[in-house]
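Each reported figure results from applying straightforward, stated rules to the coordinates on display, with no laboratory input. As the structure is a prediction and not an experimental result, all values here were calculated from the model. Quick reminder, even Gly has a Cβ in these numbers, built from the backbone with ideal geometry, and neighbours come from all protein chains shown.
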Amino acid sequence: MNLKPELIESLRRVGFVTATEVQERAIPEVLQHKNVIARAKTGTGKTGAFMIPIFQQMEHPRSVEALIIVPTRELALQVATFAEKVGSPLHIRTTTVYGGASINMQVQAIRSGANIVVGTPGRIIDLMSRGALELHKIKYVVLDEADIMLDMGFTEDVDYIISRTPHSRQMMLFSATMQHEITKMAERYTQGVAEKITVGQEEDIAVATIQHLYAIVPARVKFSALLAYIKEYAPKKAIIFARTKFEANTIHRVLVHQKYNAILLHGGLTQAMRERSLGHFRNGAQFMIATNVAARGLDIANVTDVINFGVPEEPTVYVHRIGRSARMGKEGRAFTLIDPDHRRELTDVQDYANVKMTKIELDLEPFRTLQLPIREEGRGFEGPRRGGFGGGGRRFNRQGGGNFHRDREGHREGEGHRGSGRGGFNRHSGFRRSYHKR
């Protein structure tokens, strides 16, 4: 690709030797100053496909020349980590900007000489409104995980940001799926002039090296089924996806009680706690229990299994979740626990992702005698000890009597307890329910 020797050396230091397919096809086009719209599955090396040509073309910049827009804080940190490792030896400085961190420190980092800014739409606009981030010298704009940005409702924010960049800027849009709305967005930003790259067959949304499994189990034995799957298939490193923070907290408590090395990742944690959790998971924890925040573009090496504690709300969510496994050509498994009433959602997932899921039978007998958390309408979660879990708890009070705290969205969550089994229940209306021992 005729890259600069110092760039090649910097890439080798971080383990980049051979280009992936999306890199092989996208980098030469970007180096010819073309706009690029690329569809490639998660885990195929999209970050390198847009960062490497940006590094190649930068020559001792004195201002912000590249803006990388991403949907989540975790993805911003991931992209920035790569940019810093490769760019630092080239004297290219990268700054990460996102909500939940000090905006004053981010302002200072930009003003001290940032060349590349990686950030989420909301915080980028905040910095623009303060006059701390000026876009009139931007040469390269990247939309990473564009389909996720669309799903999260960032279209208007992205439109506003790009409208403030020069018309001469070079656009790169990368997405795991290419929905009609994404195509319209891309054409709007490139005035219809762009090189379109598709890696893999158009209908192959999911990575081909993933084995898709499912088990149909009623709600009362979901935790038993989860433990049975773990015992039988022995995942080396797995992400377990829950629908809510409350459910994630409960799964985490169950696994920790069973002596598994498990960590939590969801929006109810502070940014520092989320970064600490990711660090623990990357460095040895066997399980990460997460809400969909962890499905958004994270690159975590060697994830062998993705476990859905229920059928995802949308088929697109399934695709993003399973993309955390089988990255960079490796093999992986996706396992989904399905309530008998949700068989239709299973069909929707298979049709959308164009995958064949295999039904498995699990031996639940070794776990039937355990007092596992089971959620029933109007009742709490029975815990491994006497009493029950209260709603969405951060701490346990052995004497019973649930307290309330407000989560980051302002909803009321009951603090769990073991004891009498009484406690608050997380409802948007914030009312209490009582939980009684069986």
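Computed values, structure above
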| read-out | value |
| --- | --- |
| Charge tally in the Cβ shell below 12 Å around Tyr233, where Lys, Arg are +1 and Asp, Glu are -1, Tyr233 excluded | 0 |
| Sparsely packed chymotrypsin sites (Phe, Trp or Tyr not before Pro) within the stretch 206-313, loop by DSSP, other Cβ within 10 Å at most 15 | Tyr260 |
| Rg(Cα) / (2.2 N^0.38 Å) computed for the stretch 5-198, rounded to two decimals | 0.94 |
| Where GluC sites (Glu not before Pro) fall in DSSP loop in the stretch 1-67, at most 14 other Cβ within 10 Å | Glu59 |
| For Arg12, net neighbour charge (Lys/Arg +1, Asp/Glu -1) across residues whose Cβ lies under 15 Å away | +1 |
| Dipole magnitude of the stretch 210-365 about its Cα centre (Cβ charges: Lys, Arg +1; Asp, Glu -1), debye to nearest 20 | 540 |
| Lys pairs, the stretch 5-198 - Cα-Cα below 20 angstrom, 8 or more residues apart or on other chains | 12 |
